Amino acid sequence: NDFVKLFQSKLNAWLTHLTEHTNPLSISARLPEYFVWALHREFQQGKTHYTPLINCIKTPISEAWQRTRTWIRYNVEFTKKLAEPVFDERFSLPQIYIWPRAYYVDEPLRNSSEPHNNSTAEIFKNVVDLKRALDSWIFSDGVAPEEQRLDSIRILSGDPGSGKSSFARMYALHLIKKGFKVLFVPLHRLNVQAEFGIELDTFCEEHDDHPTGLLKSDSAPPRLLLILDGLDELSNQGKIGATIASSFVEEIIRKLNNRNSNKLRLQALLVGRPIAIQNIINKFRKNEQVLYLLPYNIENTKECNGLTSLIRENQCSTWWRKYGKLVGIDYSSG
């Protein structure tokens, strides 16, 4: 780690001297993720050379160590992908990202057939810091074990282009850095009409860097979050898709209940557009189980409950200032 930091500073100095790029930090800041990824690829490509070393350190707990190494590989690959440039720029999503806000609707109104992105006088939006709200749920701050076990699912909804998938990936990265095990699953890669456990295993087995056996008692981690992104794919299939989505969510709930029969082991975050969750929303009775992304600038604050500073913050300005620092333009006066 100290070596990487030292080399990072040297790389930044070299880029400053070599190029006219106004902010070489946006490139050198991605070095730690790429460095670990490069070491991993070197081991993969030259595994025959490293086999004698591996054989020398085999122990009775090698299988457990192999699962640990698989998680390490998965985390490295996931982190490296997020370190890739975005917007045809030289910086990555984690460098430009602003953590969004979200809201939940009190339970009696939540089961209304009206979509909540349409403002109505009787619906009040309880605004929360989305990352903090999910952290509180994941780490069960001040919650009794029995309540933890019965509160294992969250729904995140937002309109097209609202940043649902970006948040899901960034939140996964946030948990990975905390040492929490999380698996990001694009639902379009699964046959959601098949048995979920089998499909999840198949999906993981198709990737060398994905851990397997995540729902089996003998190989599952003590705690795990599944981020299931793409309920939209099901809703696009009309009435048939709505039925499939409903059955799929019921299957997820059953799996969660089975894994958490004695204590909390498995949690799930489902991500989709409002239209994708209309037919499943009545399955969730607790406040804050269904969360809706808010835009960077909330225009109608009168319909919002929560911290005034949180509601009134214009995150658009914050984003532009952050972008300006990365590209060498001063947007602080805008």
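Identify, by number, the condition in (1) surrounded by 14 or more Cβ atoms within 10 Å (Cβ to Cβ); (2) touching a residue at least 40 places away in the same chain (Cβ under 8 Å); (3) in a helix (DSSP H, G or I) that Leu183 doesn't meet.
Condition (3) is where Leu183 drops out.
Kindly list the number of the only condition in (1) open to solvent by 70 Å² or more (accessible area, probe 1.4 Å); (2) farther than 24 Å from Lys181 by Cβ; (3) at pLDDT below 75 that fails for His49.
The single condition His49 does not satisfy is (3).
Say we look at segment 167-178 and pick out the residues that are out of contact with any Pro (no Cβ under 9 Å at 6 or more places or on another chain) and open to solvent by less than 60 Å² (accessible area, probe 1.4 Å); which of these is nearest to Tyr292 (Cα to Cα)? Spell out the reasoning first.
Let us first name the residues in segment 167-178 that are out of contact with any Pro (no Cβ under 9 Å at 6 or more places or on another chain), namely 168-169, 171-172, 174-178.
Still in the list and also open to solvent by less than 60 Å² (accessible area, probe 1.4 Å): 168, 171-172, 174-176.
On the way: Ala168: 13, Tyr171: 15, Ala172: 18, His174: 20, Leu175: 20, Ile176: 23 Å.
That would be Ala168.
Does Lys131 satisfy the criteria of being in a loop (DSSP other than H, G, I, E, B) and among the basic types (Lys, Arg)? Step through it out loud before you land on a result.
Numbers: in a loop (DSSP other than H, G, I, E, B): no; among the basic types (Lys, Arg): yes.
Answer is no for this residue.
Could you tell me which residue of segment 105-119 is modelled with the highest pLDDT, considering only residues that are open to solvent by 40 Å² or more (accessible area, probe 1.4 Å) and not small (Gly, Ala, Ser)? Break it down stepwise before answering.
Taking segment 105-119 as the starting set, the residues that turn out to be open to solvent by 40 Å² or more (accessible area, probe 1.4 Å) are 106-109, 111-114, 117-119.
Subset that is not small (Gly, Ala, Ser): 106-109, 111, 114, 117-118.
Numbers: Asp106: 85, Glu107: 66, Pro108: 53, Leu109: 53, Asn111: 52, Glu114: 51, Asn117: 50, Asn118: 46.
So the residue we want is Asp106.
Kindly establish whether Ala194 is hydrophobic (A, V, I, L, M, F, W, C) and either touching a Lys or Arg at 6+ places or on another chain (Cβ under 9 Å) or outside any loop (DSSP other than H, G, I, E, B) (or both). Talk me through it step by step, then tell me what you get.
On the way: hydrophobic (A, V, I, L, M, F, W, C): yes; either touching a Lys or Arg at 6+ places or on another chain (Cβ under 9 Å) or outside any loop (DSSP other than H, G, I, E, B) (or both): no.
Taking the combined requirement at face value, the residue does not satisfy it.
Collect the residues in segment 186-209 that are within 17 Å of Ala220 (Cα to Cα) and either under 20 Å from the mean Cα position of the chain (by Cα) or open to solvent by less than 70 Å² (accessible area, probe 1.4 Å) (or both), keeping them in residue-number order. Write out each step before concluding.
The initial filter retains those residues of segment 186-209 that are within 17 Å of Ala220 (Cα to Cα), namely 196-205, 209.
Matches in segment 186-209: Phe196, Gly197, Glu199, Leu200, Asp201, Thr202, Phe203, Cys204, Asp209.
Taking into account only those residues within segment 272-286 that are assigned to a helix (DSSP H, G or I) and closer than 18 Å to Leu187 by Cα, which is most open to solvent (accessible area, probe 1.4 Å)?
The qualifying residue most open to solvent (accessible area, probe 1.4 Å) is Ile275.
Mind checking which residues of segment 287-310 are surrounded by 16 or more Cβ atoms within 10 Å (Cβ to Cβ) and under 23 Å from the mean Cα position of the chain (by Cα)?
Glu288, Gln289, Val290, Leu291, Tyr292, Leu293, Leu294, Tyr296, listed by residue number.
The values are calculated or read from the model by the stated rules, or taken from the named source; none is laboratory data. Since this is a predicted model, take the numbers as computed values, not measurements. In this analysis, Cβ positions are derived from the backbone assuming ideal geometry, glycine residues included, and neighbour counts consider all displayed protein chains. Only protein heavy atoms, including side chains, enter the accessible area calculation; ligands, DNA and RNA are left aside. Shrake-Rupley method; radii C 1.70, N 1.55, O 1.52, S 1.80 Å.
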